[in-house]
Amino acid sequence: MNFQSKGEPLGASHYGQIYEIVKQLRGEAEARQLDKARVGLAQVFGAWGHCGVSILKQGW
């Protein structure tokens, strides 16, 4: 999936990406579902060099 922008603030884009990763890892992404999703990476880069990176893994 390629979610490039939800505009500013930076957090809105990043939380949107994290939400999609959680849906994928739970197998709840319906038509967007990837087969055997186990790990997801969310990355955003905003104004003035602010960035966010999150790596989510299925299970404990």
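The values are calculated or read from the model by the stated rules, or taken from the named source; none is laboratory data. What you see is a predicted model; the values in this text were computed from it and never measured. Quick reminder, even Gly has a Cβ in these numbers, built from the backbone with ideal geometry, and neighbours come from all protein chains shown.
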Query raised in the report: Are there any pairs with C-beta distances below 9 angstrom linking a residue in segment 34-53 that is in a strand (DSSP E or B) and modelled with pLDDT of 85 or more to a residue that is hydroxyl-bearing (Ser, Thr, Tyr) and surrounded by fewer than 12 Cβ atoms within 10 Å (Cβ to Cβ), with the two at least 6 apart or on different chains, and if so which?
Result: 44/5
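Can you tell me which of 26, 32, 38 is under 24 Å from residue 10 (Cα atoms) and surrounded by fewer than 12 Cβ atoms within 10 Å (Cβ to Cβ)? Lay out the reasoning, then the answer.
Values: 26 fails: under 24 Å from residue 10 (Cα atoms); 38 fails: under 24 Å from residue 10 (Cα atoms).
None of the other options fit; the residue is 32.
Being outside any loop (DSSP other than H, G, I, E, B), under 13 Å from the mean Cα position of the chain (by Cα), surrounded by 11 or more Cβ atoms within 10 Å (Cβ to Cβ) and at pLDDT below 80: is that true of residue 16 here? Outline the logic, then answer.
Numbers: outside any loop (DSSP other than H, G, I, E, B): yes; under 13 Å from the mean Cα position of the chain (by Cα): yes; surrounded by 11 or more Cβ atoms within 10 Å (Cβ to Cβ): yes; at pLDDT below 80: no.
The answer is no for residue 16.
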